[in-house]
Structures are given as C-alpha cells and as structure tokens.
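Take a look at the structure set out below.
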Amino acid sequence: MTKTLDQLLFAFYAKNDQLRITDLHQGIVWGTQTPQTVLDERLINRFDYDGDYGTVLNRFLMQAAIGHPLTVHGTGGQTRAFIHIRDTVRCIQIALENPPTRGDQVSVFNQVTETYRVSELAELIAKETGVKIAHLPNPRKEAVENELNVSRDRFIALGLHATTLTEACSRRFATSPTSTATAPTRRRSSRARCGIKVWRLHRTWLAETRVPQARRD
C-alpha cells in the first residue's frame, strides 16, 4: 500500500507542482563492496540474513558456508530481482546525471540487473558448494509462483555494465580455497571455525576482489 501511495504522490507533485521526480524500483541488493569501500576495511557494509523472510541470497550463503541444507520455502517458484551493490551505486549516479525535465512525467528506472526464481537461486548455490536443498513450508502468504518481467534497458543504454550472479558465483567459488564444494560434508570442530568459514566465503563470493587494496603507511 505504501508503494502504491508513493506512486500517486509522485504523479501528483510532478504534474501539479512540476517537480522533477525520479523513481528507482529497487531489486534485492547483494554484495558488500564497492570500489570505494574496499579501500579501507572500516568502510565494509553489514552482511544481513534472516531465517525466514527476505535476504534469501545471504541466507543461502550462510547455510552453504556451514554445510546446512539451503532452505527453500514452498516450491521456490517465487521470482525475485537482484542487483549488486556496486551496480546500485552506479544506477543512482546515472539517475542523478539524467534527471527528467520540469513538467515531464515521473522518470521510472528499474534498478535491477537480473531475476531468479528462488529455486533457481538455490540450485546455483548448491551446484557450486555441494550443499543439499531442503523444501520447507512457506511462512509467507503469497502465490506459489509468480512472474516478474522487468527491463533494465534504460540503465544499460546509459552506461551500466551489470555484475551478474552467475559470473560472480563462478569466479568466486572457482578461486576460493575455502569453498564447501571441495568438502561439503567435512565436520567443523568449533563454532569459531564455522564463523571463519562463513566470513571467508562471504568475502570471496560477495566482495569485489579485483580492486586493489589501498596501501597503508
């Protein structure tokens, strides 16, 4: 309801007061690093996850890191949109640099780079880590499946070079010595060891490693 109200208010003020309004339709943000935040470890972002609601990709990564089955609620037919945090920042920059003119309708950008069904996302992570998939009852009141047809053409035309999950997944797990794909059933001797493994998997898969760290004196 709040999103619907936002749309009505945007349209009203754009027409009545001729405000220049850009509306960014945000997808699920993944990753923790941008070219700026990798310059100092104090700038790293939070890594949030939840056992039931939201943050589905982060939940799968946490589960994979400790060898726990990936929990797919229901059929996993729900479609979600994703975007890397680096692309999110770039999209905001593009939107600011290309505002609508006074008197125009609200400028809408779909701030997403790709879509996945939850089941497809689980299969992607399971393929790279060797962790099994577990289907659980869905705590949400939502359709068993849904389609989400969104276009990112405006951002691409304005210079966005998207980071995709498939490319990042292949690159991170292929180069990470801590990937559970090499030993998915190995027992962990302590909670601390699990924590270290989660952190390493998180860093190798989500962090942008191609940007060099800043030199410290």
**Study point:** From LEU121, LEU136, residue being under 26 Å from VAL72 (Cα atoms), modelled with pLDDT of 90 or more and within 21 Å of the chain's Cα centre (by Cα)
**Key:** LEU121
Review point. So which residues in the stretch 51-104 are under 20 Å from ASN138 (Cβ atoms), part of a loop (DSSP other than H, G, I, E, B) and more than 16 Å from the chain's Cα centre (by Cα), if there are any at all?
Key: GLY51, ASP52, HIS68, PRO69, GLY74, THR75, GLY76
**Study point:** Lone qualifier among THR2, THR75, THR22, THR79 - being touching a residue at least 24 places away in the same chain (Cβ under 8 Å) and farther than 30 Å from GLY130 by Cα
**Key:** THR22
Review point. For the stretch 127-154, which residues satisfy the criterion of being outside any loop (DSSP other than H, G, I, E, B), out of contact with any Pro (no Cβ under 9 Å at 6 or more places or on another chain) and crowded, with 18+ Cβ neighbours inside 10 Å?
Key: GLU128
Check your understanding: When the residues of the stretch 48-90 are filtered to those that are of a type in the set (D, E, K, R) and within 24 Å of LEU160 (Cα to Cα), which remaining residue is surrounded by the most Cβ atoms within 10 Å (Cβ to Cβ)?
Key -> ASP87
Check your understanding: Name the pairs whose Cβ atoms lie under 9 Å apart, with the first residue in the stretch 128-151 and on the phi > 0 side of the Ramachandran plot, the second exposed (fewer than 15 other Cβ atoms within 10 Å of the Cβ) and among the aliphatic types (A, V, I, L, M), and 6 or more positions between them or separate chains?
Key -> GLY130/ALA183
Exercise for review: Search the stretch 3-34 for residues being assigned to a helix (DSSP H, G or I) and under 25 Å from the mean Cα position of the chain (by Cα), and hand back the single one that is nearest to THR163 (Cα to Cα).
Suggested key: LYS3
Exercise for review: Could you identify the single residue in THR113, THR180, THR175 that is on the phi < 0 side of the Ramachandran plot, modelled with pLDDT under 90, touching a helix residue (DSSP H, G or I) at 6+ places or on another chain (Cβ under 6 Å) and of a type in the set (Val, Ile, Thr)?
Suggested key: THR180
Point to revise | GLU142 vs. criteria at pLDDT below 90 and farther than 15 Å from GLY74 by Cβ | key: no
Revision key, fill the gap. Just one listed residue, out of GLN105, GLN93, GLN111, is under 25 Å from LEU160 (Cα atoms), in contact with a Cys (Cβ under 7 Å, 6 or more places away or on another chain) and not hydroxyl-bearing (Ser, Thr, Tyr), and it is GLN111
Check your understanding: Does the stretch 8-18 include one or more residues that are in contact with a Leu (Cβ under 7 Å, 6 or more places away or on another chain), within 30 Å of VAL144 (Cβ to Cβ) and not basic (Lys, Arg)?
Key -> no
Exercise for review: Under 8 Å between Cβ atoms, at least 6 apart or on separate chains: pull out the pairs that start in the stretch 84-98 with a residue that is modelled with pLDDT of 95 or more and end on any residue that is assigned to a helix (DSSP H, G or I).
Suggested key: CYS91/PHE155; ILE94/PHE155
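The values are calculated or read from the model by the stated rules, or taken from the named source; none is laboratory data. Note that this is a predicted model, so its numbers are computed, not measured. Heads up, the Cβs are rebuilt from the backbone with ideal geometry, glycines too, and the neighbour counts pull from every protein chain shown.
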